[in-house]
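Quick notes on the structure that follows.
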Amino acid sequence: MENPQHRKIIILGSGPAGLTAAIYAGRALLNPLVFEGIQPGGQLTVTTDVENFPGFPDGISGTELMDLLRKQATKFGAEAVFKTVESVDFLKRPFTIVADGTNYSAEAVIIATGATARFLGLPSEKEYMGAGVSACATCDGFFFKDQHVAVVGGGDTALEEALYLTRHASRVTVIHRRSELRASKLIQERARKNPKIDFLWDSIIVEALGTTMNGQKRLTGVRVKNVKTGEVKDFACEGLFIAIGHQPNTKLFDGQLELDSAGYIKTKPHSTETNIPGVFAAGDVADPKYRQAISAAGTGCMAAIDAERFLAENNQ
């Protein structure tokens, strides 16, 4: 194993939060090291078009946006490496990080490892991802104007997504495996009263259906199975939104950082500080509520400023 490589600041994750933190840390002459992880660029790299990121009135592809952020970060002295972190030790300083078998150490760490949307696990679901299948209504709902879309799930997230989608879609069908919802009573009442929303009960999706025209895949519907009767039928829709929750990527930090009941990193009020001085969290890994690229970027900026001040206060 190589000798440890020491940095003033190391950033875990290369989505909008991680790369924005790298831009700010780079401009502060801290020469941050960014571990890009298994999905460089984060969740935006599987988003076809991003139309709600400020500064791009004509929209931009998720991949292109992340490439621009990476170029901006490296321009200011950040180093981004395609390595996956295997373990961390935040219990003593300097902090130790092992990535692809190599030891690194840092005086401050920014965690921006994001959260992963939970999916159904169907091969066809992956096939039509970005071509009708989505896990973010606020990201992609605009593309389904006057169309019929389906939402999978029965909790608050599913109904919030369904209600949001009624702004764009002509009809929203909530598909739920049970005969009653898990969502709070207030949001259930709002959804039931909305004339655009209907429900398909006791049903699971067994396949996403679609077609290919001019080389472009497009969802045309889903195949659903009634869990009580076993009946299988095809259900026509142009969009499918998976709303069965997100899983924050925090397994590495369990037992070292304070997490909430869902596994998100807890930060101090009006700060990105975690329970360990010198360790900061930004983006979806600490945000179960907003989960937007722009809010992640904002907390990445905050984390870099918090880390810079921490290093200054500790004579680094």
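Computed from the coordinates by the stated procedures, all read-outs in this text should not be read as laboratory data. Note that the coordinates shown come from a computational prediction; the quantities given were computed from them, not determined experimentally. Note that each Cβ is placed from the backbone with ideal geometry, even for glycine, and that neighbours are counted across all protein chains shown.
Annotation: amide H-H contacts under 5 Å for residue 116 (H modelled 1.01 Å from N, sequence separation of 5 or more, or interchain): 247, 249.
For the pairs 145/196; 145/185; 75/251, flag any whose C-alpha to C-alpha distance is greater than 20 Å. Beyond 20 Å between Cα atoms: 145/185; 75/251. Calculate how steeply helix 293-313 sits against the longest principal axis of the alpha-carbon atoms of the chain, using the helix alpha-carbon long axis, and give the answer as 0 to 90 degrees to the nearest 10. Computed tilt is about 20 degrees.
Given the alpha-carbon gyration tensor of the chain, what are the semi-axes of its equivalent ellipsoid in whole angstrom, ordered largest first, with each equal to the square root of 5 times an eigenvalue? Walk me through the intermediate numbers first.
Working: eigenvalues 308, 82, 62 Å².
Equivalent-ellipsoid dimensions as semi-axes: 39, 20, 18 Å.
Using θ = phi - 60° in the Karplus curve 6.51 cos²θ - 1.76 cosθ + 1.60, the 3J(HN,Hα) couplings for region 274-281 round to 8, 6, 10, x, x, 10, 10, 10 Hz; x is entered for Gly and Pro. Annotation: amide H-H contacts under 5 Å for residue 61 (H modelled 1.01 Å from N, sequence separation of 5 or more, or interchain): 50. For residue 200, the residues whose amide H sits under 5 Å from its own are 174, 175, 176, ignoring neighbours fewer than 5 places away on the same chain, with H placed 1.01 Å from N. If only the Cβ of Lys and Arg carry +1 and only the Cβ of Asp and Glu carry -1, the dipole of the chain around its Cα centre is close to 580 debye. Pull out a ≥ b ≥ c, the square roots of the eigenvalues of the alpha-carbon gyration tensor of region 119-242, then state rounded if a/c is under 1.5, prolate if not and a/b is larger than b/c, and oblate in the remaining case. Because a/c hits 1.5 or more and a/b fails to exceed b/c, region 119-242 counts as oblate. Describe numerically, in nm with one decimal, the distance between label points set 7 Å from Cα along Cα→Cβ at residue 180 and at residue 64. My value for the distance between the label points is 5.0 nm. Pull out a ≥ b ≥ c, the square roots of the eigenvalues of the alpha-carbon gyration tensor of region 169-211, then state rounded if a/c is under 1.5, prolate if not and a/b is larger than b/c, and oblate in the remaining case. Cα axes put region 169-211 in the oblate bin.
By DSSP, the beta bridges lying fully in the chain are antiparallel in about 50 percent of cases. With θ taken as phi - 60° and the Karplus curve 6.51 cos²θ - 1.76 cosθ + 1.60 applied, the whole-hertz 3J(HN,Hα) list for region 239-254 is x, 9, 10, 8, 9, 10, x, 10, 10, x, 7, 10, 4, 4, 9, 4 Hz, x standing for glycine and proline.
Return one number: the angle in degrees, 0 to 90 and rounded to the nearest 10, between the long axis of the Cα atoms of helix 16-27 and the longest principal axis of the Cα atoms of the chain. Taking the Cα atoms of the chain, the angle to 16-27 is about 20 degrees.
Against the longest alpha carbon principal axis of the chain, how many degrees, from 0 to 90 and to the nearest 10, is the axis of helix 62-75 turned? So the inclination is approximately 10 degrees. By the Cβ-Cβ criterion of under 4.7 Å, the unpaired cysteines of the chain are 237, 301.
I need the calculated FRET efficiency for the pair residue 266 and residue 290, taking r as the beta carbon distance and R₀ as 22 Å, to the nearest 0.05. Intermediate results must be reported in sequence, preceding the final value.
Working: r = 16 Å, r/R0 = 0.73.
Once rounded, the FRET efficiency stands at 0.85.
Gain on full extension, evaluated as 0.36 nm per residue between residue 72 and residue 206 minus their Cα-Cα distance, stands at 44.0 nm. Extending 7 Å from the Cα toward the beta-carbon at both residue 233 and residue 81 defines two label points whose distance is 5.7 nm. Peptides 250-260, 275-285 ranked from most to least packed give 275-285, 250-260, packing being the mean of other C-beta atoms within 10 angstrom over each peptide's residues.
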